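The structure under discussion appears below in the form of structure tokens.
The values are calculated or read from the model by the stated rules, or taken from the named source; none is laboratory data. Everything numeric in this text was worked out from a predicted model, so none of it was measured. No Cβ is skipped: glycine too gets one built from the backbone with ideal geometry, and neighbour counts run over all protein chains shown. Just so you know, the surface numbers come from the protein's heavy atoms only, side chains and all, with ligands and any DNA or RNA stripped out. Shrake-Rupley method; radii C 1.70, N 1.55, O 1.52, S 1.80 Å.
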Amino acid sequence: MHFQQHEMGPILKITEFASVHGVQQIVFTWDCTMFYIQQMFILKLKYYQTLVYGDKLWDVPIPSDQFPGPGKLTWEPECQYQLRHLQDGARISSVLPPNIEGHWISTGCEVRPGPEFLTRSYTFYPNRLFKALQFYYSDPHCQRPLYSLVIKGKMRLRQASWITRGATEADYSLHKVGIVFYTQEAMSNIRAQMNRTCVGFVSTGRSLAPGRIYELLSAKADRDCTAALNFTMHELSLVRLEKQYISQERGGLVEKLFLGDIHTETSERIHYRPNGYQQPLQSALHHAHPCDFCGLIYNADEHHPPILPDVIEPPAHLGGKWVSSQCEIRPAVLFLTRYLTIHGDNHTWEGFYYHYADPLCKQHTFTLRAAGHYTKGVPSEHVKGGTELEFTVSQVWVTPFNQAILRMLNASRFGSCGLVGSWAIGEEKDITMTGGCAVLGIRLPHTEFELFKIAKDNHGRYLLHMGERPTDGSSPSVPKKRPTSYQPPLIQCASEPTLPSKQHQSKDFTLNVAPLPQPQFWALILMFIILHILRPN
């Protein structure tokens, strides 16, 4: 930015920005033709800098409530900050090859396709051995345990994945798998499944023996009865370790262990090799704070399953603005972040889907902007705690950001994806009139049978969990494909918005680094300083 006075006046040039106590400060230089004005300004500037920057004697801590988060500007909207935070890497580093030694735990009640409600506690030892505990429950709050699986084996990391960028492939072998029952009903149900494939697993007249481990698999005895449970540990074949550095009051260092995803079709689990992730486990030593459930899960064992405390469920109200809490991965190795605006009063919605080529969501490839309407939700009978509804997509716009996507769009068949040959980098085009875009797999209009739930995190923020996408890359366009588990949560960054205007701003967020205040703002401030310096004493 340049600000210039008359011919003989000073010329101001802002050269860089610095950060002091988390507040954005301006460092500037002056070029003056009047030497005495320059000297006078420098002397007074040093005085003012002493007041602004301070020293060890005069430094005053800035109250945390004045600055909501590290790197967040006080004037910056929360939604824009959250997306910029993700684009800037959110101070996240990926460790290759990953060192996963240690104890890793769930930070809450997880939902797997099925649905299955569980918590996990995995320990990896220096000699490559591991012990994994999976606790299964009958309820979405993980308060009524049914049984646990005790899994022991050996794991060996191999090389960086050729399919999933940023991941490491691994081999594993299972030595033993045991099951511990906590209710007679759970034992009866699983015994009925087992006796169809492993006759005599548990004799019919046998009653529950609390705390006893029943063997499902033994490599030494060449016995495997896990197929009846559709059990697999293929999640260990894909690993990603992330380290995130956050504010000290939230724990400082947070380590997250991403393991391979679970196929949304139960019958396909045994054959499926992951190319995405589940929700991550966190290090028992370096986890996010506060964490209400971490201690319970960390201290649990197969004889004492974690029973999570009651939580107050927020109402299932979708209205508001919601943004991704992390860089997400979808089937077919798509990395993206989402930003949704949902209008509860007229049941319309708008969404931005920012797609990337990398697992940190920095290399922008294209953006989809979609709009449509949705139906009133009804409690799910199949997935406890969830709400079912239908989302309809009626309009879509596409903005390409890299050459490969641009070439693909311009080479598309006539009438199949907007106006052929008109695509340009950074320019948004409407694909509604062509019924979608064949090369991107979009067809319009389009209805999806969805599942969602509203929750709160440990900081009191509302979370929106939308249904997990089918692993085969298809769409939940028929009721039988309705999700039974959830994607990574979206964070509510603003409450119920007003009705969308007829002239919708398609560039709500460009995902560039947040813009600075208008130059006129700084010019006014600096003019005030100049006038103060030049005024007669």
Could you give the nm distance between label points at VAL478 and LYS384, where each point is 7 Å from its Cα heading toward the beta carbon? 3.0 nm
I'd like the distance between the alpha-carbon centres of the stretch 379-449 and the stretch 119-134, rounded to an integer number of Å. 42 Å
Sort 335-342, 312-319, 301-308 by the packing proxy (mean of other Cβ within 10 Å over each peptide's residues), most packed first. 335-342, 301-308, 312-319
Rounded to the nearest 20 debye, dipole of the stretch 246-323 from Cβ charges on Lys, Arg, Asp, Glu: 340 debye
Gain in span if fully extended, SER495 to ASP224, counting 0.36 nm per residue against the direct Cα distance: 92.4 nm
Can you give me the distance in nm between label points at ASP292 and ALA160, each placed 7 Å from the Cα along the Cα-to-Cβ direction? 4.1 nm
How charged is the neighbourhood of GLU265? Take every other residue with its Cβ under 15 Å from the Cβ of GLU265, and add Lys/Arg as +1 and Asp/Glu as -1. +2
Taking a probe of 1.4 angstrom, what is the accessible area of ASP171 in Å², to the nearest 10? 60 Å²
Length released on extending from ASN346 to ASP171, taking residue separation times 0.36 nm less the Cα-Cα span: 57.9 nm
Quick one: what are the phi-derived ³J(HN,Hα) couplings along the stretch 113-129, Karplus 6.51/-1.76/1.60 with θ = phi - 60°, whole Hz, x for glycine and proline? x, x, x, 10, 9, 7, 10, 10, 9, 10, 10, 10, 9, x, 8, 6, 6
Carbon and sulfur atoms: what percent of the 1.4 Å accessible area of the stretch 329-422 do they account for? 59 percent
Need one number: nm distance between label points at TYR125 and LYS362, each 7 Å from Cα along Cα→Cβ, rounded to one decimal. 3.8 nm
